[in-house]
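Worksheet for the structure shown next.
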Amino acid sequence: PWTAAVLNEAMRVYPPILGLARAAKADDVLGDYPIPAGTTVTVLIDSIHHNERVWENARTFDPARFLKENLQPEQRKAHMPFGAGKRMCIASGFANLEAIIGIASLAQKYELEMVPGQKPRREVTFTGGPEGEILMQLRKRHP
């Protein structure tokens, strides 16, 4: 559960994609704004994941917020690293499982520390990965 919470919080703070674009199939209204059919609507996942009305201390990395006893219903709906609804990534379950196993396997044997002097920055694109490489040092854990 803790490894899953760490993964979910990492994907909340740094979602794999920053946003999604969809075309409205029919006329609609969002709040007070009319959305004519054919309009491109952009959902900014990064903004939803950092919304202070949903996430207390939204810019802080806190995996405990994803433990079952702490996660609120509105937070479940506002956590969408793989999209949501009919067009949600079909492989999200597999990707989560694969990441949890990878993280747990690595963390059991090694401690990771960022090489000093780096200032990682997010690339501002829809896929929003890091801008350049992030160098890490691995230290073997001793039983």
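Some points to look at:
- Total residues in region 48-82, condition more than 15 Å from Asn8 (Cβ to Cβ) and open to solvent by less than 50 Å² (accessible area, probe 1.4 Å): 1
- Ala84 vs. criteria of a type in the set (Gly, Ala, Ser), closer than 28 Å to Glu131 by Cβ and out of contact with any Cys (no Cβ under 6 Å at 6 or more places or on another chain): yes
- For region 1-42, residues that are open to solvent by 50 Å² or more (accessible area, probe 1.4 Å), over 13 Å from the mean Cα position of the chain (by Cα) and closer than 23 Å to Asn57 by Cβ total 2.
- Checking each residue in region 121-131 for being touching an Asp or Glu at 6+ places or on another chain (Cβ under 8 Å) and open to solvent by less than 70 Å² (accessible area, probe 1.4 Å) picks out Arg122, Gly128, Gly129.
- Of the residues making up region 83-96, those that are open to solvent by less than 70 Å² (accessible area, probe 1.4 Å) and in a loop (DSSP other than H, G, I, E, B) number 3.
- For region 122-140, the candidate set comprises residues that are β-branched (Val, Ile, Thr) and in contact (Cβ under 8 Å) with a residue 40 or more places away in the chain; within that set, the residue that is nearest to Tyr110 (Cα to Cα) is Thr127.
- Residue in region 99-109 that is open to solvent by 70 Å² or more (accessible area, probe 1.4 Å) and not in a helix (DSSP H, G or I) present: no
- Residue within region 85-98 that is over 17 Å from the mean Cα position of the chain (by Cα) and over 29 Å from Ile48 (Cα atoms) present: no
The values are calculated or read from the model by the stated rules, or taken from the named source; none is laboratory data. Every value quoted in this text rests on a predicted model; they were computed, and no experiment measured them. All Cβ positions, even for glycine, are placed from backbone atoms using ideal geometry, and neighbour counts span all protein chains on display. In case anyone asks, the SASA skips ligands and DNA or RNA and just uses the protein heavy atoms, side chains included. Shrake-Rupley method; radii C 1.70, N 1.55, O 1.52, S 1.80 Å.
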